[in-house]
1. Only one of Pro267, Pro223, Pro250 is touching a residue at least 60 places away in the same chain (Cβ under 8 Å), under 17 Å from Val312 (Cα atoms) and assigned to a loop (DSSP other than H, G, I, E, B). Can you tell me which?
2. What is the number of the single condition among (1) under 25 Å from Ala244 (Cα atoms); (2) in contact (Cβ under 8 Å) with a residue 24 or more places away in the chain; (3) small (Gly, Ala, Ser) that Ala129 does not meet?
3. With of a type outside the set (Ser, Thr, Tyr), crowded, with 18+ Cβ neighbours inside 10 Å and in contact with a Pro (Cβ under 6 Å, 6 or more places away or on another chain) as the only criterion, which of Leu144, Leu167, Leu201, Leu175 stands out?
4. Being among the acidic types (Asp, Glu), under 21 Å from Glu271 (Cβ atoms) and surrounded by 19 or more Cβ atoms within 10 Å (Cβ to Cβ): is that true of Asp194 here?
5. With respect to the numbered conditions (1) without any contact (Cβ under 8 Å) to a residue 60 or more places away in the chain; (2) surrounded by fewer than 18 Cβ atoms within 10 Å (Cβ to Cβ); (3) among the small types (Gly, Ala, Ser), which one is the sole condition not fulfilled by Ser257?
6. Determine the pairs where a residue that is under 22 Å from Ala143 (Cβ atoms), located within the range 175-200, has a partner that is among the basic types (Lys, Arg) with Cβ atoms under 9 Å apart, the partner being 6 or more residues away or on another chain.
7. Checking Ile100 against (1) over 30 Å from Cys6 (Cα atoms); (2) at pLDDT 75 or above, which test does it fail?
8. Identify, by number, the condition in (1) surrounded by 22 or more Cβ atoms within 10 Å (Cβ to Cβ); (2) modelled with pLDDT under 90; (3) of a type in the set (Ser, Thr, Tyr) that Ser275 doesn't meet.
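The values are calculated or read from the model by the stated rules, or taken from the named source; none is laboratory data. Every value quoted in this text rests on a predicted model; they were computed, and no experiment measured them. All Cβ positions, glycine included, derive from the backbone under ideal geometry; neighbour counts span all protein chains shown.
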Amino acid sequence: MFEFTCPYCSHRSTVSDEYLGKRGPCVECGLQVVMPTRSPSGRLIAGLQSQQASELHVSPGSQSSTSSAKSVDATGSQTLGDTMPSNVVLASPMRRWIFIATAASALLVLLFGATFGLAEFRRLVRFQAIREDYARMKTIVDALDAYYDLHGSYPTPVVRDSAGVPLYSWRVLILPQLGYQELFDAFQLDQPWDSPANTTLVAQMPKEYCSVSSPDAWVNHEPNFYLITGQGTLFPNTGPVDRAMVNDVPTMLVVQSCNGAITWSQPGDVEINKSSLQVGSIPQEQIGGMHRIPKSAFSRSSQSPESLALGVSVGGEELWITDQTPKRVVEALVTPNGWERLDPKEWKSPVSSSENIP
């Protein structure tokens, strides 16, 4: 076997030794070419190509018989004619470049697909975490409503003794409505949350009180879901507002904030008098801080919001508050009877938990 390069089109092919010294058409350009010969020592001797090669072109299959396929020309060399096998494929430089370009393009497409796929996977994971937190918050709101239906009022944010000393949080009071009757029965309601008896129950925090996006909250028994308290809220210092007095729709009942300040049975919520209710990452002083906006891999907008605070209204509606939500909207969501009118686009989640992930 030897390698032959067409002198006219640079087409390369591997040819059997039986075609040494023969003449025939190049399968790429069709011009007549002369195969090399070998010296007695086995070295290839290039065939003498003629200017008349184009005039001696023999089309494959044009011979009338196999005997004419091996005719001898004036130089004594046998012509290839139909003796050149049809499966001899020439690896020309052009074809090599086409193959390289095709392979490179395929690799780029693969890399892009992998990058896009990873970005979309992360987006779906974020959406799933948001929806799980909404589900937990909705469970808390349902428990608060059930407590209201049983007692005729929302629970007081802080349970105090006869001397006004804080004992424990509203989270203890709604344990039966959450389905934790045994934990409630074990809690000493006449003692503070950090008494020797009640301290042993801290490790039994219901999972509904913490975010799925904060493993530390679960390990440290710290809540992520709070009431908003203070003047002009559902929970002023004078006591919870009667549900019949709630005129604003929606009015925020539960909001999400970072963990790290208190344990779940310890009194403490987001006080509007101490906070501007900005979306941030300071536990109890700012809301949100647990989630980032799940952007599409195709999104390039630098104006879109980044941070997200989740809320659930008195009626169980999902509230979507971002770091770009106007202050007037946040304040309107907090007040139960301010008679503000909001466009649903200002507080609605762009993707409801009941919808499919886009």
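1. On the way: Pro267 fails: under 17 Å from Val312 (Cα atoms); Pro223 fails: touching a residue at least 60 places away in the same chain (Cβ under 8 Å).
So the residue among Pro267, Pro223, Pro250 that is touching a residue at least 60 places away in the same chain (Cβ under 8 Å), under 17 Å from Val312 (Cα atoms) and assigned to a loop (DSSP other than H, G, I, E, B) is Pro250.
2. Unmet condition: (1).
3. On the way: Leu144 fails: in contact with a Pro (Cβ under 6 Å, 6 or more places away or on another chain); Leu201 fails: in contact with a Pro (Cβ under 6 Å, 6 or more places away or on another chain); Leu175 fails: in contact with a Pro (Cβ under 6 Å, 6 or more places away or on another chain).
Only one candidate qualifies: Leu167.
4. Details: among the acidic types (Asp, Glu): yes; under 21 Å from Glu271 (Cβ atoms): yes; surrounded by 19 or more Cβ atoms within 10 Å (Cβ to Cβ): no.
No.
5. Just one mismatch for Ser257, condition (2).
6. Pairs that qualify, where the first residue is under 22 Å from Ala143 (Cβ atoms) and the partner is among the basic types (Lys, Arg), are Leu178/Arg171.
7. (1)
8. (1)
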